[in-house]
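Structure first, commentary second.
The values are calculated or read from the model by the stated rules, or taken from the named source; none is laboratory data. Every value quoted in this text rests on a predicted model; they were computed, and no experiment measured them. Backbone-built Cβ (ideal geometry, glycine too); neighbour counts: all protein chains shown.
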Amino acid sequence: MATTGIAARKAMVEGVAYRYAQQYEDSEKEFIEAERLASSYQPQIMGEILNNRGALEVEEVKYVAAQETFHRALLLARERKDRVQEANALGNLGFVATKQEHFDESIDWNRSALELSRALGVKDTVAAIVGNMGWNYFALGDFENAMPLYRKAAEDSERRKLPATQAYWLTGVANSYYALHDERSAQAILEQALKLARGLDEKSILIKCLNDISPVALETGRMDLAEQYNKEALDIQRAGLDQSGVLYSQLMHARIQASKRHLSEAQRLLRGISRDPRADTPLKWEAQARLAKVYDDEDKFAQAEKEYRKAIGTIEAARKSLKQDEFRLTFLSSGIEFYDDYVDFLIAHGRPDDALKVAELSRARTLTEGLASTTEAASPATSRVRPQQDSKELNALLLFYWVGHEHSYLWAITPTKTTYFSLPKAADIEPLVKSYRKTILGMRDAQDAGSSEGKQLYAMLVEPAKNLIPLGSRVIVLPAESLYGLNFETLVVPEPMPHFWIEDVTLTTASSLTLLAASVTHPLPKAKNLLLVGNTEQPSADFPVLPQAPAEMKNVSHYFPDGDRKVLEGKQATPSAYLASNPERFSYLHFVTHGTASQTRPLESAVILSREGDSYKLYARDIVQHHLNANLVTISACNGSGTRAYSGEGLVGLSWAFLRAGAHNVIGALWEVSDASTPQLMDSLYGELDQGKDPATALRDAKLRFLHSPDSGSVFKKPFYWAPFQLYAGS
């Protein structure tokens, strides 16, 4: 038997059996023997052996060894053209990357595994990979992308009558809802998962369901139920029936003890978790932040701040380990709750200036870091933000917003002082913002008596600081969360007669104080020249020709002499032509095209140009790779600003991409723009710029021409037509 191919497979099967029995030493011996025999007698199963041995090494927490084993399996599978084992090895490399908390790398491996598994029709593998990708996106704070992946994996498990995996993936769906503050949906799905888990012999699944439903019960004020779930999980673990999730059970127990004011016990538990080498990174930062809250409740303020700093440091270290912008963008969502707690802590202890610094630390990190790699823009870690000095040098009042779960704040910054104001919580602000956008997009008159949201938002967001904002002020708004989707120009000032705020002030939007500080020291380009791109051929049925594009192209080009402009239009307006035009040498860039905004993958947002082979999209991910020094980039396209706001980063789309590339200012649209009105608005904009006005003043004056049109019946007075375009300040 020992000299036959059958023996190699027998040794592998026994190795797997020992692994399931957690007899790791015996399992390893069998896999070593299986490898030895297979190399001589049955080399075709070597890839299968290596994939199983790597799985053992993962369970033994030998992640580097597992990675090497899976790489060997991958190379061997490709050499032997064994596509099934190649798919397994790719998925396994994704799994071990997840265990190492290299979530961005894991997604890359899993995408390759998914593509191959689908081509092979290996349904079991596809379902596992989809669920694991949900896990990756969730860990990166991208809950919107995680949820449908988890849901698909759960539905597939249900179809294949696999209740254990169905329950497991359902917890992922529920946790995504919970992270998005939809506790009701989370609770309903977790109750479904828990019911499934109670019918199984797998205690690890039951513990996961109990650990996930406990915080939902606590958050919704059902302390007794939370404690009941937690006790059940702890009892299973104490009985030695299963040790998986023990640290999460302890964390939940600590939260319950803190809620019951048993602070010493909560402190002991949280301190132990934060120091436990088994704790993964998100668990560690949560334990540190919750320990800070316990110390605060005990009036141990210095120790509380120390733990908050540790938690923020842990989050930042994890974020810096990510290599791709796509994943850095979402990551802060998974830890923003604890920045929020730290800001509240500092405000409560009379330190609003320090709270502002912490709030700023979370802002526009991916944008700032990208600029720092190509310019002299300072990084948040090294820069010393001086808001009042920046206000003076920019000749503007700065309005810095923080929208939090329990409390929101506004810092109004002038050259001589910084004043903070308490605002309503996110749950009070966000529905109003959503409703007001709906009013504007419905092309209703936002100033009429039947529309109160504009007045309510002005009262909430601006009125507290109105005594610091004289008429005619230049104002730079630094929004947060849902406020990125709001054009503050459209807020309705009630007195002396209802009017839009744009009539009182000149507004610009910015992402962070750090970027504003950098903009003060970065000289604008001296040359006045234009790269004009648009009036494209129709690349597909989805993007018809824009009837007014020729007029807008003509209007804009009129303000630049022939020698100071380069025009790409018609079949010449292709992505490769833009990239080859040396866009960094132009002080003005203007796009007259369709645009797309991707909700789930914002770096896939694109300017739609003429077809060249299979390509007609200038993607945001390509834009950021080509440095700019433009004074102004104008994206005369729908949703140029993006449709999804990221915690700390703001709206990410085409405007963000051009800022990331180095543009000093970008004009982008918050919603679909009108082909009828936009050419007139752009003609007015460049007419004002031609008179020497700065972009903020020029855009405001162009909008006021619409708003103050002598034609009383003009529909262009409505904010739907002039308000989508917003000016964003870069560095």
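Just a yes or no: is a residue in the range 339-354 surrounded by fewer than 22 Cβ atoms within 10 Å (Cβ to Cβ) and among the basic types (K, R)?
For the range 339-354, residues surrounded by fewer than 22 Cβ atoms within 10 Å (Cβ to Cβ) and among the basic types (K, R): present.
What number of residues in the range 442-477 are aliphatic (A, V, I, L, M), within 18 Å of I429 (Cβ to Cβ) and at pLDDT below 95?
Summing the residues that are aliphatic (A, V, I, L, M), within 18 Å of I429 (Cβ to Cβ) and at pLDDT below 95 in the range 442-477 gives 1.
With the condition being surrounded by 16 or more Cβ atoms within 10 Å (Cβ to Cβ) and among the acidic types (D, E), I'd like the helices (runs of 4 or more DSSP H) fully within the range 20-118 carrying at least 1 qualifying residues. If you could, list the steps in order and put the result at the bottom.
Details: elements: 24-41, 46-59, 63-80, 83-99.
The qualifying helices (runs of 4 or more DSSP H) are 24-41, 46-59, 83-99.
Looking at (1) at negative phi; (2) without any contact (Cβ under 8 Å) to a residue 40 or more places away in the chain, find the lone condition where Y168 falls short.
Here Y168 meets the rest and fails (2).
What residue, among those in the range 538-557 that are touching a residue at least 24 places away in the same chain (Cβ under 8 Å) and surrounded by fewer than 16 Cβ atoms within 10 Å (Cβ to Cβ), is farthest from the chain's Cα centre (by Cα)?
Per the stated criteria, the residue is P547.
I'd like the full set of residues that are within 30 Å of K526 (Cα to Cα) and out of contact with any Phe, Trp or Tyr (no Cβ under 6 Å at 6 or more places or on another chain), limited to the range 586-617.
F586, S587, Y588, L589, H590, F591, V592, T593, G595
Can you find, within the range 455-476, the residue that is surrounded by the fewest Cβ atoms within 10 Å (Cβ to Cβ) among those that are part of a helix (DSSP H, G or I) and of a type in the set (D, E, K, R)?
Step one: filter the range 455-476 for residues part of a helix (DSSP H, G or I), giving 455-461, 463-468.
Still in the list and also of a type in the set (D, E, K, R): 455, 463, 466.
Numbers: K455: 19, E463: 16, K466: 13.
Out of the qualifying residues, it is K466.
To keep it simple, each residue is scored yes or no on (1) in a helix (DSSP H, G or I); (2) touching a residue at least 12 places away in the same chain (Cβ under 8 Å); (3) among the aliphatic types (A, V, I, L, M).
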| position | (1), (2), (3) |
| --- | --- |
| A266 | yes, yes, yes |
| G272 | yes, yes, no |
| A279 | no, yes, yes |
| Q288 | yes, yes, no |
| Y295 | yes, yes, no |
| A311 | yes, yes, yes |
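Take the range 194-209 and flag every residue that is in a helix (DSSP H, G or I) and either over 23 Å from S333 (Cβ atoms) or polar (S, T, N, Q) (or both).
L194, K195, L196, A197, R198, K203, S204, I205, L206, I207, C209
Is it true that some residue in the range 593-608 is part of a strand (DSSP E or B), farther than 22 Å from P679 by Cα and modelled with pLDDT under 85?
Taking the range 593-608 as the starting set, the residues that turn out to be part of a strand (DSSP E or B) are 594-596, 606-608.
Filter once more, so that each one left must be farther than 22 Å from P679 by Cα: none.
Scanning the range 593-608, I find no residue that is part of a strand (DSSP E or B), farther than 22 Å from P679 by Cα and modelled with pLDDT under 85, so the answer is no.
Filter the range 667-693 for residues that are over 32 Å from the mean Cα position of the chain (by Cα) and at pLDDT below 90 and give the result.
A676, S677, P679
Contact list please: Cβ distance under 9 Å, first residue in the range 586-597 and among the acidic types (D, E), second residue assigned to a strand (DSSP E or B), pairs at least six apart or on different chains.
Cβ pairs passing all conditions: none.
Which of the residues belonging to the range 536-553 are touching a strand residue (DSSP E or B) at 6+ places or on another chain (Cβ under 9 Å) and part of a helix (DSSP H, G or I)?
Hits for the range 536-553 are A549, P550, E552, M553.
Can you confirm whether D212 is surrounded by 24 or more Cβ atoms within 10 Å (Cβ to Cβ) and either in a helix (DSSP H, G or I) or over 25 Å from the mean Cα position of the chain (by Cα) (or both)?
Details: surrounded by 24 or more Cβ atoms within 10 Å (Cβ to Cβ): yes; either in a helix (DSSP H, G or I) or over 25 Å from the mean Cα position of the chain (by Cα) (or both): yes.
Yes.
Among the residues in the range 328-348, are any touching a Gly at 6+ places or on another chain (Cβ under 7 Å), part of a loop (DSSP other than H, G, I, E, B) and at pLDDT 70 or above?
Among the residues of the range 328-348, not one is touching a Gly at 6+ places or on another chain (Cβ under 7 Å), part of a loop (DSSP other than H, G, I, E, B) and at pLDDT 70 or above, which makes the answer no.
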